[in-house]
Amino acid sequence: MLFDIIYLSVISVEIILAGTLLFQLRRSIDKLPEPWKRESPLNNFSSGVSFLLIYLILVLLSECVSLYLARHYIYNSFVFSIYYTLSTPFLFGFLSINTQMAWKRYTYFILYSILVVHLIYGGYYHPRCILPSSSSLIIFSFFFLAFLLQLTDLLLTPKSDDFRFQLKINLSFLIYSLIATIVTTFHWQEMIMNVYSYKLFFHIHLFNIFLFYSVLAIIFTSEIIKLRRG
């Protein structure tokens, strides 16, 4: 119960910070001369933050709904299926606007399409479905691959104005999805073999999630401070 409250609070604070950063970026753009506004690099920065903000709002909504259902002993796996379906386009949208190579943007679309097909084929939108660990493994693997592709593209243009912001966001998601993929793999195996190991990997996964969102909050705060000083 306490962890749930802290976890939801961290995401809520993160949404507020992302909204504040977006507001600061829009104010900075409005101060530019009219001819420069459309061509300003800040536009991509602002669009990227908008995608992340919507993504985080969907995270909070899905967590609230799933926790409510879980506390009433109602199947909630379908909530996560819907969440991944709705939130992934915004996450991949952030990657797309910051990716130069067209084939990589098509790859994001292909990964998302495979994800949706997997959820449909597995019947994971049904209210009484059970989302297996193998599905989580596939999802986190796709996230890792998508952010790895964007990282390779990002390193080709290290002089972009929001390079450091993109790099920090990318590495945060990359490390989070990598750890989640590894933990999910062992979690799936140990669930059958050893109940104590199962609990260990479960708590590592929870810590990884909490740490990931905490790091994002720090990144947003850092950018807000930079904009105010500028």
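The values are calculated or read from the model by the stated rules, or taken from the named source; none is laboratory data. Nothing here was measured: the structure is a model prediction, and the numbers come from that model. Neighbour counts run over all protein chains shown; Cβ positions are idealised from the backbone, glycine included. In case anyone asks, the SASA skips ligands and DNA or RNA and just uses the protein heavy atoms, side chains included. Shrake-Rupley method; radii C 1.70, N 1.55, O 1.52, S 1.80 Å.
Just one of (1) touching a Lys or Arg at 6+ places or on another chain (Cβ under 9 Å); (2) surrounded by fewer than 19 Cβ atoms within 10 Å (Cβ to Cβ) fails for residue 78. It is (2).
Does residue 73 satisfy the condition of being open to solvent by 30 Å² or more (accessible area, probe 1.4 Å), aromatic (Phe, Trp, Tyr) and either touching a residue at least 40 places away in the same chain (Cβ under 8 Å) or in a loop (DSSP other than H, G, I, E, B) (or both)? Yes; evaluated as a whole, the condition is true for this residue. Of the residues making up region 183-214, those that are open to solvent by 50 Å² or more (accessible area, probe 1.4 Å) and either touching an Asp or Glu at 6+ places or on another chain (Cβ under 6 Å) or modelled with pLDDT of 85 or more (or both) are 198, 207, 210, 211. Residue 95 meets the conditions (1) of a type outside the set (S, T, N, Q); (2) open to solvent by 50 Å² or more (accessible area, probe 1.4 Å); (3) part of a helix (DSSP H, G or I) in every case but one. The failed one is (2).
Taken over region 121-162, the criterion of being more than 18 Å from the chain's Cα centre (by Cα), surrounded by 14 or more Cβ atoms within 10 Å (Cβ to Cβ) and over 25 Å from residue 78 (Cβ atoms) is satisfied by 153, 160, 162. When each of 11, 54 is tested for being closer than 22 Å to residue 214 by Cα, of a type in the set (A, V, I, L, M, F, W, C) and modelled with pLDDT of 95 or more, the lone residue that passes is 54.
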